[in-house]
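Before any comments, here is the structure.
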Amino acid sequence: MKTERKTMRDVFIDRIFHMMEEDESIFFISADFGSPMLDKLRDKFKDRFINVGIAEQNLINVSTGLALEGFTVYAYAIAPFLTMRAFEQIRINLSLHAQFKDVNVNFIGVGAGLSYDVSGPTHHCLEDISIIRTLPNIILFSPSDWVLAQGFIDYSINVKKPKYIRFDGKPINNIYGSFENVKLEDGFKEIKKGNEICLISTGYMTHTTIKAADTLAKDGINAGVLDVFLLKPINENLFVETLKDYKYLITLEEAFMNKGGLDGLVSSLIDEYDLKVKLKRMGFKDSYVFDIGGREYLHKINNLDDISVAKYIKDTLIK
């Protein structure tokens with residue numbers, strides 16, 4: 001399969017551009033945040049592009065108002081500021097309203113995890129999955145590559161519910177050859193079938209789990225790789241059927257552990273369905289990342305790079 005590096009946001013916005021040519025009910029709202037592809041959209045659709053300024057709370061307010069009038073809205077901002085600064089507006093305007101009526105606001109957060117690595121902890125986004133998972137009636141989409149991001153457009157238009165779309169901020173290689181083999185409603189894809197061990201990840205960390213599985217394979221260890229892209233909702237029955245074939249599950253996330261993120265999702269299903277599996281968690285401990293350096297360096301010193309993941313598995317799980 002040929003791989004190509006692209007940013008999730010640019011392929012997503014490019015597809016929205018073409019959809020806006022066909023559908024006059026689509027609005028794009030930005031919190032003074034741009035991208036090369038957004039310039040074309042802003043110039044072409046001056047009547048349906050709004051820049052609310054550096055005001056994420058108002059971004060959600062304006063987007064909700066348009067959605068309540070029947071429009072499909074894409075609200076675009078930097079992930080940590082969108083999910084945390086505007087949390088009350090997301091809760092009241094979107095989560096509560098969506099319980100009784102259609103509110104199709106797709107709020108796009110760019111900069112998931114350590115995408116903005118050198119910008120420091122104010123721009124890191126290690127809490128967003130945990131935060132948004134607490135809210136009813138909101139779909140949470142966390143793609144691992146730009147193919148999934150591009151393929152989400154039709155779902156985002158057709159499903160009339162609020163959606164948090166978390167994008168990596170950097171150009172990233174594609175994992176999937178095409179979107180045709182992805183069943184979005186399942187919420188996950190078993191990229192590689194393993195024996196006793198399964199690595200479960202979301203977003204950027206799926207690239208790490210694939211590399212770790214390849215490293216383990218060189219030592220004769222066949223670890224599965226499971227990419228979770230819809231953390232809410234997910235096809236629980238199918239997910240559980242997949243998990244129960246394994247003895248060990250290892251969640252890997254660019255997020256704080258034990259805070260209700262990906263590991264919380266997996267842990268709750270283990271309990272609910274009484275799965276006879278052992279869960280191990282890998283992520284960031286209960287401490288912010290103040291170290292200075294690129295993403296690979298920050299992962300390495302926190303034992304989240306592929307070599308550290310493979311070593312942990314060999315040292316801890318392989319007898």
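The values are calculated or read from the model by the stated rules, or taken from the named source; none is laboratory data. Everything numeric here is computed off the predicted structure, so don't read it as measured data. With ideal geometry, Cβ positions are generated from the backbone for all residues, glycine too; neighbour counts draw on all protein chains shown.
Which one is surrounded by the most Cβ atoms within 10 Å (Cβ to Cβ) among residues in segment 290-319 that are touching a Leu at 6+ places or on another chain (Cβ under 8 Å) and closer than 16 Å to residue 220 by Cα? Spell out how you get there, then give the answer.
Initially, segment 290-319 is screened for residues touching a Leu at 6+ places or on another chain (Cβ under 8 Å), giving 291, 295, 298-299, 304, 309-310, 313-314.
Okay, now just the ones that are also closer than 16 Å to residue 220 by Cα, so 309-310, 313-314.
Numbers: 309: 26, 310: 22, 313: 23, 314: 13.
Taking the candidates together, the pick is 309.
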Segments classed as strands (runs of 3 or more DSSP E), wholly inside segment 138-209, with at least 3 members that are crowded, with 24+ Cβ neighbours inside 10 Å: 163-167, 197-201
Complete set of residues in segment 14-45 that are of a type in the set (Ser, Thr, Tyr) and farther than 14 Å from residue 110 by Cβ: 25
Some residue of segment 210-219 being assigned by TED's automatic domain parsing to the domain that holds residue 240 and assigned to a loop (DSSP other than H, G, I, E, B): yes
Some residue of segment 190-208 being touching a residue at least 60 places away in the same chain (Cβ under 8 Å), more than 11 Å from residue 229 (Cα to Cα), assigned by TED's automatic domain parsing to the domain that holds residue 74 and polar (S, T, N, Q): no
Segment 265-278 - residue that is touching a strand residue (DSSP E or B) at 6+ places or on another chain (Cβ under 9 Å) and within 20 Å of residue 133 (Cα to Cα) and, of those, surrounded by the fewest Cβ atoms within 10 Å (Cβ to Cβ): 267
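Out of the residues in segment 220-253 meeting the condition of being assigned to a strand (DSSP E or B) and hydroxyl-bearing (Ser, Thr, Tyr), tell me which one is surrounded by the fewest Cβ atoms within 10 Å (Cβ to Cβ). Step through it out loud before you land on a result.
We begin by selecting, within segment 220-253, every residue assigned to a strand (DSSP E or B); these are 224-228, 230-232, 248-253.
Adding the requirement that they be hydroxyl-bearing (Ser, Thr, Tyr) leaves 248, 251.
Numbers: 248: 20, 251: 27.
So the residue we want is 248.
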Of residues in segment 298-312 being touching a residue at least 12 places away in the same chain (Cβ under 8 Å) and not aliphatic (A, V, I, L, M), the one nearest to residue 114 (Cα to Cα): 299
Enumerated helices (runs of 4 or more DSSP H) restricted to segment 254-319, each holding at least 3 residues that are aliphatic (A, V, I, L, M) and over 20 Å from the mean Cα position of the chain (by Cα): 306-316
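Does residue 315 count as touching a residue at least 12 places away in the same chain (Cβ under 8 Å), acidic (Asp, Glu) and more than 20 Å from residue 129 (Cβ to Cβ)?
Values: touching a residue at least 12 places away in the same chain (Cβ under 8 Å): no; acidic (Asp, Glu): yes; more than 20 Å from residue 129 (Cβ to Cβ): yes.
Spelling it out, it is not the case that residue 315 is touching a residue at least 12 places away in the same chain (Cβ under 8 Å), acidic (Asp, Glu) and more than 20 Å from residue 129 (Cβ to Cβ).
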Within segment 114-137, considering residues that are out of contact with any Phe, Trp or Tyr (no Cβ under 8 Å at 6 or more places or on another chain) and β-branched (Val, Ile, Thr), the one surrounded by the fewest Cβ atoms within 10 Å (Cβ to Cβ): 122
